[in-house]
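First the structure, in the form of C-alpha cells, and then the observations on it.
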Amino acid sequence: MVTWARVVLLKDHPRRYELVQAYRILTTVRPQVYRPRLARALGDLVDGFTDAAPADAVQTLLAEAATSLRMWARELVGPGTVDVFTDVVVRQRKRRAADERDGPDWDLLALAVALEEAGRGDAALATIQELVTGERSRRMAPRSRLALTLIHHAGMLERRERSYDAAAIRAEGLELLRRLEGKDDVPPRSDAIATLLTGAGGSGRRYGRKLPPVVAGGASTRTPMRSR
C-alpha cells in the first residue's frame, strides 16, 4: 500500500480522491510530514464536490482534515520542541511562492491554536499574523479565508487584553464577510476547516451554503464520492 501511495504522488495529475487515499496511507508512516498534506487534499476533494454531495459526508471529511491538522500541531508544540514557528513559516512561504493557488495555510492556524493552548502566546500571535499577511498577499484566494483568519486574530488579541486592536481587525473581517453576501462566488466548503480548528461554531458564515458544525470524534477513512 505504501508503494501504491508513492506511485500516486509521482503522477502529474492524480485524482483528488487518490491523493487523499495516498496521504492517508503515508500518514501512518510519517505523520508529521503527511498530516498537513492530507488536510489540504481533503479540503480540495470537498471543494470539488457538487452541491448534491451529502452534508454528512462533507462534514466527516472536513472533520478528518481538522483532526489531522490538530494532531500535527499539538505534536509540534509538545514538550521539548523549540522554535517550530520559524520552520513551519519558512516552509509555508516556499509553498505559497511555488503556487499562489495552493490551498490555504490552515497549517498555520492549527499551529497558532496549539501554541496558544500550550501557553506560548507570543508565538501564537506571530503565527496568526503570518497567516494574515499570507492571505492578504494571495490575489487569487477567496476573501472568505482572509475574513476567517482576521476574526480569529481578533479573538486572540482580545484574550491578550488588546481590545482596541482587536476591534478594528474584527470589523475588517466582518466587513469582508458582509461583502460576500449575495455574490456568486460562494466561499469554498473547505473554509469550515478553520471553523473546526478554532471551535468558532457560527463565527464564519457561508453564503449559499451553511458552515458545517463542529464535529466531535474521529473521521471515517472512506471517501464517499469521486471528484477531479
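The values are calculated or read from the model by the stated rules, or taken from the named source; none is laboratory data. Model, not experiment: these values are computed from the prediction. Ideal geometry is used to build each Cβ from the backbone, glycine not excepted, and the neighbour counts take in all protein chains shown. Remember, those area values only see protein heavy atoms, side chains included, never the ligands or the DNA or RNA. Shrake-Rupley method; radii C 1.70, N 1.55, O 1.52, S 1.80 Å.
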GLU161 open to solvent by 30 Å² or more (accessible area, probe 1.4 Å), in a loop (DSSP other than H, G, I, E, B) and modelled with pLDDT of 85 or more: yes
Residue identified as within 20 Å of ALA66 (Cα to Cα) and in contact (Cβ under 8 Å) with a residue 24 or more places away in the chain among GLU181, GLU135: GLU135
Residue identified as under 26 Å from ARG74 (Cβ atoms), surrounded by fewer than 23 Cβ atoms within 10 Å (Cβ to Cβ) and without any contact (Cβ under 8 Å) to a residue 40 or more places away in the chain among LEU19, LEU38: LEU19
Filter result (of a type in the set (S, T, N, Q), modelled with pLDDT of 95 or more and closer than 15 Å to ARG35 by Cβ) within the range 56-102: THR67, SER68
Considering residues of the range 138-158 that are open to solvent by 10 Å² or more (accessible area, probe 1.4 Å) and modelled with pLDDT under 90 only, the residue nearest to ASP105 (Cα to Cα): ARG145
